[in-house]
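> Below you will find the structure I want to go over with you.
The values are calculated or read from the model by the stated rules, or taken from the named source; none is laboratory data. What you are looking at is a predicted structure, and each value in this text was computed from that prediction instead of being measured. Here the Cβ positions follow ideal geometry from the backbone for every residue, glycine too, while neighbour counts run over all protein chains shown. Each accessible area value is taken on the protein alone, full model and side chains, heavy atoms only, with ligands, DNA and RNA left out. Shrake-Rupley method; radii C 1.70, N 1.55, O 1.52, S 1.80 Å.
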Amino acid sequence: MNNEEKGDSLQTKDTPSTDVKPEVKSVSVKKPQSFVAERFLPAIEMAPRVLRNQSRRDFLVFGTGALMALAGAGFLLPQETLSRIGIHRNMGSPAKEWFLNKALRIDDDVAEALYSVNRSVPTYTKSQITPLKNNYNGSTPDPGYISGWKLTLAGLASGLSISLDIRNLLTRFSVREQITRLVCVEGWSAIAWWAGLRFDDLLRAYPPMSQAKWARVESSVNLDASGNSDPYFMSIDLATARHPQTLLATHFNGQLLTVDHGAPLRLLVPVKLGLKNVKAVTRITYVAQEPRDYWAERGYSRYDGI
């Protein structure tokens with residue numbers, strides 16, 4: 001809720017005729033003392049000359065910022081629009097694309113710089129759980145795939161590829177629970193109760209090749225909006241995969257995952273946006289170089305940290 005501040009009073013003090021002092025202006029500022037009471041802060045005295053200089057400086061800073069914003073906006077306008085308003089300089093698409101990509105990467109760079117295995121997202125209680133909608137990318141697959149589902153691991157130190165079914169995973173690994181917030185790039189979020197094995201436990205049991213720094217996580221059962229096959233693939237750095245809150249989830253709200261939420265195994269990365277949380281994972285491949293990413297190839301950022 002926005003609070004309205006009381007009007008400030010501006011007073012001029014008279015000075016004795018025997019002293020020559022610059023005229024000063026006294027500004028009284030009210031500040032809440034409690035939720036229901038107010039008290040006056042001490043008067044702030046400032047010579048008119050100082051006040052004028054500060055106001056001029058603030059105006060110049062504001063004006064410079066406004067001009068830079070206008071220049072940036074103009075740079076991104078189509079050339080046809082620029083020509084109509086009298087700007088005939090050709091600002092080509094490659095330059096605009098570079099500018100936009102640099103702006104998009106700022107959030108990525110900050111999130112990546114702040115990442116730490118010791119930095120966890122908040123956890124919640126069951127009383128704080130909120131509804132989580134089915135937000136499949138495309139159509140929700142028919143559950144028929146579940147009976148033949150396998151997880152394939154490739155890029156291992158052993159040089160082999162292995163396949164695991166859901167029973168292998170549930171019997172070999174400890175299932176851990178956590179209640180965290182899933183944040184969607186579309187602007188909504190939900191607090192949900194998950195359980196599953198830690199990605200780090202899988203990495204320890206089946207180590208990747210020594211030069212691996214990334215994992216490509218795929219879902220071969222993903223469909224597009226028309227119901228056609230549209231394999232989903234996403235990149236995740238191994239540092240994030242090893243984060244203690246990164247799960248390969250098998251349960252939702254105390255029950256085995258349903259198809260809506262990525263049965264029988266989905267990636268859950270609370271330190272990333274929801275688009276990194278691949279549903280119905282069918283393959284994980286460890287690689288040395290950053291792999292292709294479904295949404296990065298469509299113009300989204302690559303790191304997607306929160």
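> Tell me, in nm to one decimal, what length is gained between V175 and S139 on full extension, where the rule is 0.36 nm per residue of separation less the Cα-Cα distance?
Details: separation 36, 0.36 × 36 = 12.96 nm, distance 2.90 nm.
Length difference between fully extended and current span is 10.1 nm.
> Sort the range 205-268 into rounded, prolate or oblate with this rule: let a ≥ b ≥ c be the square roots of the eigenvalues of the Cα gyration tensor; rounded if a/c is under 1.5, and if a/c is not under 1.5, prolate when a/b is larger than b/c, oblate otherwise. Mind showing how you got there, number by number?
Values: a/c = 2.70, a/b = 1.32, b/c = 2.04.
Since a/c reaches 1.5 but b/c is at least a/b, the shape of the range 205-268 is classed as oblate.
> Rank by packing, highest mean first: peptides 130-139, 281-290, with packing defined as the count of other Cβ atoms within 10 Å averaged across residues.
On the way: 130-139: 14.1, 281-290: 18.3.
Most protected by this proxy first, the peptides run 281-290, 130-139.
> Provide the per residue accessible area, probe 1.4 Å, for the range 163-295, rounded to a whole number of square angstrom.
Values: 5220 Å² over 133 residues.
Result: 39 Å² per residue.
> Can you tell me how much longer the chain between D224 and Q255 gets when fully stretched, taken as 0.36 nm per residue apart minus their C-alpha distance, in nm with one decimal?
8.5 nm
> Let me ask something else about it. Can you give the FRET efficiency to the nearest 0.05 for M209 and S127, using r as the Cβ-Cβ distance and R₀ = 41 Å? Numbers along the way, then the final one.
Working: r = 44 Å, r/R0 = 1.09.
For R0 = 41 Å, the calculated efficiency reads 0.40.
> Follow-up question, since we're still on this one. Which pairs in the list K126/K150; K133/K272; K126/K213 are over 27 Å apart, alpha-carbon to alpha-carbon?
Working: K126/K150 31 Å; K133/K272 18 Å; K126/K213 35 Å.
The pairs that break the limit, which is 27 Å between Cα atoms, are K126/K150; K126/K213.
> Next up: Does the range 172-306 classify as rounded, prolate or oblate by the C-alpha gyration tensor (a ≥ b ≥ c root eigenvalues; a/c under 1.5 gives rounded; else a/b over b/c gives prolate, otherwise oblate)? Provide the component values of the computation, followed by the final result.
Details: a/c = 1.32, a/b = 1.01, b/c = 1.31.
Here the range 172-306 falls in the rounded category.
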